[in-house]
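*Asks:* Handing you this structure, nothing more for now.
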Amino acid sequence: MRTPLVAANWKMNGSREFAEGFFTALDLEDSGAEVVICPPFPYLSLVADRVANRAIALGAQNLSHEAAGAYTGEVSAAMLRDVETRYVIVGHSERRSLYGESSELVASKFVAAQESGLVPILCVGETLQEREEGWALDAIAAQLQAVLDRVVADDLKRAVVAYEPVWAIGTGRTATPEQAQEVHGFIRERLGSAGDAVRILYGGSVKSGNATALFSQADIDGALVGGASLDAEEFGKICRAAAQ
Ligand code: 13P
């Protein structure tokens, strides 16, 4: 049995005041889901303090694949561990499309994260064009393969995968539960012997109104939530839906 996981990706949103207010308002009512909050880098320590006595883990949105040195503007896995970070998102589609991150670079980040004891949340997902042209699964397989080439099954078991169709991110257009399930089942199969142990999250316009239907699918183990994670009440509802 895989424990459901719901992760908040605040992206480049929020402030000190926002973060303080969020944790005051967030009511998880022993949701039973594992909850992860991924704030922007400057708020990691603040969030670490706020979640210290709660069943909430800290995550980062990105990391460098390098360990240390002359890499201006970058943040290493060891630094993230140093401020109590447990999870890190790698390969988010915004990093891939806006910052040119290749699947090979994403795989290097995945490896760097695990070497420092972080749990990578590996994002994969197809563009609208890829879906319409009928090769969504090929695109996802290629993104996964870059990581599969670098790690062994035991490493995969210590990771999380998030399926985020690019066309569903921030658009209000969610994959149907059946569409998402098809891809999640495919991803689990590609993970081979590690597949059963790996939590596969869905991301893309998840809200409390569509969460239950998504979570009812056999291979959907939780969600990676963008916009709706900025509203503590709404995010709390999604976490509770995952635990049911
Ligand atoms: P939205 O929930 O805003 O669509 O964002 C999804 C996402 O990109 C989470 O990483």
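*Asks:* Which residues, counting only those in the range 157-171, are aliphatic (A, V, I, L, M) and open to solvent by 20 Å² or more (accessible area, probe 1.4 Å)?
*Replies:* 166, 169
Conditions tested, residue by residue: (1) within 23 Å of residue 130 (Cβ to Cβ); (2) surrounded by fewer than 23 Cβ atoms within 10 Å (Cβ to Cβ); (3) within 12 Å of the ligand (Cβ to nearest atom); (4) not basic (Lys, Arg).
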site	(1), (2), (3), (4)
151	no, yes, no, yes
173	yes, yes, yes, no
177	yes, yes, no, yes
190	yes, yes, no, no
207	no, yes, yes, no
223	yes, no, yes, yes
229	no, no, yes, yes
238	no, no, yes, yes
244	no, yes, no, yes
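*Asks:* Are any residues in the range 87-106 closer than 18 Å to residue 39 by Cβ and either part of a helix (DSSP H, G or I) or out of contact with any Leu (no Cβ under 6 Å at 6 or more places or on another chain) (or both), and if so, which ones? Steps first, please.
*Replies:* The first filter runs over the range 87-106 and keeps only residues closer than 18 Å to residue 39 by Cβ, leaving 87-90, 92, 94-95.
Correct list: 87, 89, 92, 94, 95.
*Asks:* Mind listing just one residue for me: the one in the range 89-116 that is farther than 26 Å from residue 128 by Cα and of a type in the set (A, V, I, L, M, F, W, C) and, of those, surrounded by the most Cβ atoms within 10 Å (Cβ to Cβ)?
*Replies:* 113
*Asks:* Restricting the search to the range 107-158, which residues are in a loop (DSSP other than H, G, I, E, B) and over 21 Å from residue 2 (Cα atoms)?
*Replies:* Of everything in the range 107-158, those that are in a loop (DSSP other than H, G, I, E, B) and over 21 Å from residue 2 (Cα atoms) turn out to be 116, 125, 126, 127, 133, 134, 135, 149, 150, 151.
*Asks:* List the number of the failed condition for residue 211; all other conditions in (1) open to solvent by 10 Å² or more (accessible area, probe 1.4 Å); (2) free of Cβ contacts under 8 Å to residues at least 40 places away in the same chain; (3) among the hydrophobic types (A, V, I, L, M, F, W, C) hold.
*Replies:* All conditions pass for residue 211, except number (1).
*Asks:* While we're here: Of the conditions (1) touching a residue at least 60 places away in the same chain (Cβ under 8 Å); (2) within 14 Å of the chain's Cα centre (by Cα), residue 25 fails just one. Which one is it?
*Replies:* (2)
*Asks:* Please enumerate the residues belonging to the range 203-244 that are modelled with pLDDT under 95 and in a loop (DSSP other than H, G, I, E, B).
*Replies:* 244 - this is the single residue of the range 203-244 that is modelled with pLDDT under 95 and in a loop (DSSP other than H, G, I, E, B).
*Asks:* Considering the range 70-125 alone, what residues qualify as being away from the ligand (no atom under 16 Å from the Cβ), among the β-branched types (Val, Ile, Thr) and within 21 Å of residue 152 (Cβ to Cβ)?
*Replies:* Within the range 70-125, just 111 meets the criteria.
The values are calculated or read from the model by the stated rules, or taken from the named source; none is laboratory data. Nothing here was measured: the structure is a model prediction, and the numbers come from that model. All Cβ positions, even for glycine, are placed from backbone atoms using ideal geometry, and neighbour counts span all protein chains on display. Calculation scope for accessible area: heavy atoms of the full protein, side chains included, ligands and nucleic acids excluded. Shrake-Rupley method; radii C 1.70, N 1.55, O 1.52, S 1.80 Å.
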